Amino acid sequence: HVRFFDFEFRVVAWFEDLDAGSIVSLSFALGPPGMTYTEMTAAAGTLRCPDFIIGTANALIISCSARLFDELEEAERRGVLLVQGNDAPVHGLALHPSLPRFAISGYSGTLQLWDYDEPRILLMRLFDRLLGSALAFDPRGKYLAAGFTNGTLKVLSGATLEEVATFRHSKDVITKIGFSHDVNFFATADVDKCVAVYKWAPKDDDESKPKEWVYLGKHNAHYKPITDLQFGVSADDNPELVSIGQDRTVVLYDLARSSVTGGIVLRSSVKIEQLSVPTACMWHSHGGACGVDRSILVANDQFKFRVYEPKSRAVRSTLLAPTHGGPPCALVLVPREPGAPDDEPRYVAYATREKVTGLVQLPLDGSPHKTMGAITHAGEISAMGISWDGRWMFTAGGADLCVHMTRIHTAGLRAPELEGAMAVEPFMELLEGGREGAFVQEIVDYF
């Protein structure tokens, strides 16, 4: 509430219908230079005071004017909402695949759909006693899957946020959600170290029934926490699903053979590390060329990239990962900007666990000149996403209650290449002493 008193401490006006939560700050408007107090409050009614704004503990900023005190209707006495922020950590973030929109969810129990071109909130939905932990749009933008800390999973309409289906097959926090390219499957990973798979199919495999999202089952393929979950595309255009965990294992799932009666079938489970721990993965074409994804790029906590070949079940190559901040914990292929030439290099966006996000130029060769990093948050980074046109990077800061929108410029990464820098120079800089150091001179003496 906001109350006004005279100098004898008698209440002269009150604003008790704002309904915005506990008020933590208040500020009055300043008029143009030379304007008197009487002129500033000339339009007021019973109460004569300048316009003011309030900030609340619910992360709302509301504009109020003196005339609100004279309004008869309760709805007219609530002021004008200027800003609606987040009053609890944000952990879910998803970018629309074809429109300038993103969705966020967190521990406040709300799910917000934003238009980032304007920017403004398009839709908001409040879930009773549910705390958001993960979000994902399907590749067509028709569905939005929302995971919660108690294991509940909701499939919503991507346009209206209306509920399509609800599942409760996880026992713990849902941390990852992903859709297949053909929107026939989606999968979730949870803190209970399980991967659950859902399919767009007729219920009970009865072709006479309409299609809906059906729970196929879940598999406890890891014995330590799952760090990433990604869908890819096989050579015959079928969806493939992979998960990695802190148990240093890459697990491939056989979606074609998985069913409600047979459960989730594994294709392979291979340990690819001895000491380091995988932190993120993505499906990746050989050399980074645009085409069918056939290998898996895995980042680990020792600042290395490993390119894992699923067919041969072997590590194809090991490369230096970005060393700006901590090891990468999220990897996303940046889409081409509309109108960009086909020979334009592709880029991978990455986020570390705290503070730093950046880009890596493809094809990967371990060159430090092909990576960059920037501090985008003061603390943890809970989620990351890239806009459909490859122009914006979005990051959620978890406990800092912020979602940051960063413009992607790739010209700086290409500058050394365009200036004709020698291909070996970046790697010489990694050696102790550089090109003129004792180590390089010793190699020259030997060879």
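The values are calculated or read from the model by the stated rules, or taken from the named source; none is laboratory data. What you see is a predicted model; the values in this text were computed from it and never measured. We place every Cβ from the backbone using ideal geometry, glycine too, and count neighbours over all the protein chains shown. Side chains are part of the model used for accessible areas, which takes the heavy atoms of the whole protein and leaves out ligands, DNA and RNA. Shrake-Rupley method; radii C 1.70, N 1.55, O 1.52, S 1.80 Å.
Once neighbouring chains are kept in place and the probe is 1.4 Å, which whole percent of the accessible area of segment 131-241 is contributed by carbon and sulfur? List each step's numbers first, then the result.
Numbers: 2140 of 4640 Å².
Roughly 46 percent of what the probe reaches on segment 131-241 is carbon or sulfur.
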Cα-centred dipole magnitude for segment 89-155, charges only on beta-carbon of K, R (+1) and D, E (-1), debye, nearest 20 = 180
Comparing Ile54, Ile381, Ile264, which has the greatest mean-square fluctuation in the GNM of the chain with Cα pairs linked when under 10 Å apart?
-> Ile54
Scaled to the compact-protein estimate 2.2 N^0.38 Å, what is the alpha-carbon radius of gyration of segment 174-333, rounded to two decimal places?
-> 1.05
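Could you tell me the ratio Rg/Rh of segment 265-351? Both radii from Cα atoms, Rh via Kirkwood. Don't skip to the answer; put the middle values down first.
Values: Rg = 13.9 Å, Rh = 14.1 Å.
Value, to two decimals: 0.99.
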GNM top mover of Val12, Val332, Val80 - the chain, alpha-carbon springs below 10 Å | Val12
When the charge dipole of the chain is computed with +1 at the Cβ of Lys and Arg and -1 at the Cβ of Asp and Glu, the Cα pointing farthest to the positive end, of Met124, Gly358, Leu319, is that of Leu319
Average projection area in nm² (convex hull over Cα atoms of segment 128-249, one quarter of hull surface) | 8.2
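How much accessible area per residue does the chain have, counting only protein heavy atoms and a probe of 1.4 Å, in square angstrom?
Details: 22450 Å² over 447 residues.
With the other protein chains kept in place, the chain gives 50 Å² per residue.
Ignoring everything except DSSP H segments at least 4 long, calculate the 222 nm mean residue ellipticity for the chain; use -39,500 (n - 2.57) per segment, divide by total residues, nearest 500. Provide the component values of the computation, followed by the final result.
Working: 4 runs with 25 residues, N = 447.
Value at 222 nm, helices only: -1500 deg cm²/dmol.
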Residue among Gly232, Val348, Gly385 farthest towards the positive dipole end of the chain, charges placed on Cβ = Gly232
Within straight-line cross-link reach of Lys199, lysines at Cα separation under 17 Å, skipping those fewer than 8 residues along the same chain | Lys142, Lys154, Lys176, Lys209, Lys211, Lys218
With θ set to phi - 60°, apply the Karplus curve 6.51 cos²θ - 1.76 cosθ + 1.60 along segment 253-264 and write out the HN-Hα couplings as whole Hz, x wherever there is a Gly or Pro.
-> 10, 8, 5, 5, 9, 7, 8, 5, 7, x, x, 8
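Could you state the per residue volume, in Å³, of the convex hull enclosing the Cα atoms of the chain? Could you put the intermediate results ahead of the total?
Working: hull volume 100.4 nm³, N = 447.
Cα-based convex hull of the chain, divided per residue, equals 225 Å³.
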Scale the Cα Rg of segment 198-240 by the rule-of-thumb value 2.2 N^0.38 Å and send over the ratio, two decimals.
-> 1.56
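Evaluate the charge dipole of segment 92-248 about its Cα centre and quote only its size in Debye, nearest 20, assuming +1 on the Cβ of each Lys and Arg and -1 on the Cβ of each Asp and Glu.
Details: 18 positive and 21 negative charges, 100 e Å.
Dipole about the Cα centre, nearest 20: 480 debye.
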So for segment 294-447, using the alpha carbon gyration tensor with a ≥ b ≥ c as root eigenvalues (a/c under 1.5 gives rounded; past that, a/b versus b/c decides prolate or oblate), I'd call it prolate
What's the carbon and sulfur percent of segment 315-403's accessible surface, probe 1.4 angstrom, rounded to a whole number?
-> 54
Roll a 1.4 angstrom probe over the protein heavy atoms and tell me the percent of accessible area of segment 246-289 that is carbon or sulfur.
-> 51
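Please give the length that would be gained between Asn220 and Trp14 if that part of the chain were fully extended, namely 0.36 nm times their separation in residues minus their C-alpha to C-alpha distance (nm, one decimal).
Values: separation 206, 0.36 × 206 = 74.16 nm, distance 5.85 nm.
Full-extension gain reported as 68.3 nm.
How do the peptides 168-179, 143-154 rank, highest first, by the average count of neighbouring beta carbon atoms within 10 Å per residue?
Numbers: 168-179: 19.1, 143-154: 22.6.
Going by the mean number of other Cβ atoms within 10 Å, highest first, we get 143-154, 168-179.
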Please sort 216-223, 310-317, 109-116 by packing, taking for each peptide the average over its residues of neighbouring beta carbons within 10 angstrom, highest first.
-> 109-116, 216-223, 310-317
